[in-house]
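What follows is a single structure, written as structure tokens, with notes after it.
Computed from the coordinates by the stated procedures, all read-outs in this text should not be read as laboratory data. Not measured: the values here are computed from a predicted model. Here the Cβ is made from the backbone with ideal geometry for all residues, glycine too, and neighbour counts use every protein chain on show.
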Amino acid sequence: MALVTTKEMFKKAYEGKYAIGAFNINNMEIIQAVVNACKVKNSAVILSVSKGALKYAGPRYLKAIVDAAVEETGIDIALHLDHGPDLDTVKECVEAGFTSVMFDGSHYDYDENVRLTKEVVEYAHAHGVVVEAELGVLAGVEDDVHAEAHVYTNPDQAVDFVNKTGVDSLAIAIGTSHGAFKFAGTPDLKFHILEEIQKKLPGFPIVLHGASAVSQEHIAMCNEYGAKIKGAQGIPVEMLRKASEMGVCKINMDTDIRLAMTAAIRKAFGDKPEAFDPRGYLGAARTEIQNLVEKKIDEVLGSANSMN
Ligand SMILES: [Zn+2]
């Protein structure tokens with residue numbers, strides 16, 4: 001058993017009109033929760049490591065725990081660098097054994113994004129690693145990644161970008177955003193852009209970042225136990241399902257895991273103020289995240305039985 005790339009999973013997902021979940025991991029409990037849920041649902045999965053997670057846990061620790069997850073569960077797992085800022089970070093992850101990397105050059109001008117992405121693709125492909133790039137700008141905040149406003153992806157530019165760089169998948173901007181506060185008013189995704197891109201790039205895997213649903217149940221649970229989280233809103237589940245039927249093969253979720261974990265830990269402390277065994281509250285967090293991911297696979301991703 002070994003880690004896999006996203007190549008086969010995306011092919012099956014595209015044909016089956018479902019999406020593979022990409023969940024951000026930072027420690028053992030999150031990894032176990034996500035892979036155990038995927039094992040239950042017989043679903044392939046992408047475990048994403050952001051620059052912040054690299055700094056927090058280190059690529060080797062995360063790789064070693066993920067290797068254990070492959071052996072324990074037997075499911076298809078891709079280990080992915082999320083929002084790689086430069087070739088050096090990409091190299092660090094490829095050398096550590098990651099099977100997929102994202103290079104995010106979306107904040108550069110178009111020609112520079114093409115040039116840098118192409119460089120990453122040449123290096124990664126030479127090492128058997130697949131590459132995701134980004135075109136367009138997502139609003140919101142996530143670790144070191146932040147932007148004030150959306151710049152929607154231009155479909156003709158997307159075709160040109162894919163042809164010039166040779167990337168394996170492309171993250172596009174159609175109105176999703178990073179963080180817990182995605183919409184001030186009514187949620188709105190530009191499906192016509194996705195439709196046009198899919199028509200121009202048939203069979204090509206599209207990626208949606210910033211696609212947490214932001215569970216109001218978890219926000220209420222956090223606030224009940226002392227948090228102050230107000231006005232948070234995510235992407236409605238129906239919109240994500242629709243996207244996965246339109247060529248979106250990878251849906252990124254980070255905020256939902258953070259909220260589930262925080263809610264469970266706050267509740268554990270609130271319910272048992274006398275307890276101080278980390279296995280108690282971290283175990284509660286792990287269970288909460290596993291339940292969340294199982295629900296995601298059923299309601300958002302449709303990737304149950306994607307291993308068959
Ligand atoms: Zn992202």
- In units of 2.2 N^0.38 Å, the Cα radius of gyration of the range 60-108 is 1.27
- Task: Working from Cα positions, state the angle (0 to 90°, nearest 10) between the long axis of helix 87-96 and the longest principal axis of the chain.
- Result: 60 degrees
- Task: Wrap a convex hull around the Cα atoms of the range 115-273, take a quarter of its surface area, and give that in square nanometres.
- Result: 11.1 nm²
- Note on the structure: With the convex hull built on the alpha-carbon atoms of the range 66-197, volume per residue in Å³ sits at 133 Å³
- What is the spread of the Cα atoms of the range 89-130 along each of their three principal axes, largest first, in whole Å? 30, 16, 12
- Query: Given a cut-off of under 8 Å on Cα pairs at least six residues apart, what relative contact order in percent is computed for the range 118-166?
  - Reply: 32 percent
- In whole Hz, what ³J(HN,Hα) sequence does the range 274-289 give by Karplus (6.51, -1.76, 1.60; θ = phi - 60°), x for Gly and Pro? 8, 7, 9, 8, x, 5, x, 6, 5, x, 5, 5, 4, 4, 4, 5
- Message: Compute the angle between helix 110-126 and the longest alpha-carbon principal axis of the chain, please, reported from 0 to 90 degrees and rounded to the nearest 10.
- Response: 80 degrees
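Nothing charged except the Cβ atoms of Lys and Arg (+1) and of Asp and Glu (-1): what's the magnitude of the dipole of the range 145-263 about its Cα centre? Round to the nearest 20 debye.
Here the size comes out at about 80 debye.
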- Calculate for the chain the 222 nm mean residue ellipticity that helices alone would give, adding -39,500 (n - 2.57) per DSSP H run of length 4 or more and normalising by residue count, nearest 500 deg cm²/dmol. -15000 deg cm²/dmol
- Rounded to whole Å and sorted largest first, what semi-axes of the equivalent ellipsoid does the C-alpha gyration tensor of the range 135-228 yield via the square root of 5 times each eigenvalue? 31, 13, 12
- At 7 Å along the Cα-to-beta-carbon direction for both Val159 and Glu245, put a label point, then send me their distance in nm to one decimal. 2.6 nm
- Task: Note down the net charge around Arg60, summing +1 for each Lys or Arg and -1 for each Asp or Glu among other residues with Cβ under 11 Å from its Cβ.
- Result: -2
- Query: What's the percent breakdown of Cα-Cα distances in the range 222-268 across 10 Å bins, shortest bin first?
  - Reply: 22, 41, 25, 12, 0
- Give, as a single signed number, the net charge of other residues whose beta carbon lies under 10 Å from the beta carbon of Ile25, with Lys and Arg counted +1 and Asp and Glu -1. -3
- Task: With 27 Å as the limit, write out which pairs from Lys164/Lys296; Lys7/Lys199; Lys63/Lys190; Lys17/Lys182; Lys182/Lys250; Lys228/Lys250 have Cα-Cα distances beyond it, or answer none.
- Result: Lys164/Lys296; Lys63/Lys190; Lys228/Lys250
- Sorted by chain and number, the residues with a modelled amide H under 5 Å from that of Ser50, at a separation of 5 or more or across chains, are Ile25, Asp82
- Query: In a solvent-free Debye calculation with one equal scatterer on each Cα, what is log10 I(q)/I(0) for the range 209-302 at q = 0.15 Å⁻¹, listed in the order of the q values?
  - Reply: -0.61
- Mind checking the alpha-carbon convex hull of the range 28-84 and giving the volume per residue in Å³? 67 Å³
- Note on the structure: For the range 1-99, one quarter of the surface area of the C-alpha convex hull, expressed in nm², comes to 6.0 nm²
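With +1 on each Lys and Arg Cβ and -1 on each Asp and Glu Cβ, and nothing else charged, work out how big the dipole of the range 12-55 is about its Cα centre, in Debye to the nearest 20.
On the way: 6 positive and 2 negative charges, 14 e Å.
The dipole of the range 12-55 has a size of about 60 debye.
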- Charge dipole (the range 111-242, unit charges on Cβ, about Cα centre) - positive-most of Met239, Ala173, Val151: Met239
- Treating only Lys and Arg (+1) and Asp and Glu (-1) as charged, each at its beta carbon, one finds that the chain has a dipole about its Cα centre, in Debye to the nearest 20, of 620 debye
- Query: Relative contact order (percent) for the range 227-308, with alpha-carbon contacts under 8 angstrom and 6 or more residues of separation?
  - Reply: 37 percent
- How much FRET efficiency would the formula 1/(1 + (r/R0)^6) give for Asp111 and Glu274, where r is the Cβ-Cβ distance and R0 is 41 Å, rounded to 0.05? 0.10
- Dividing the convex hull volume of the Cα atoms of the chain by its residue count, what figure in Å³ per residue is obtained? 117 Å³
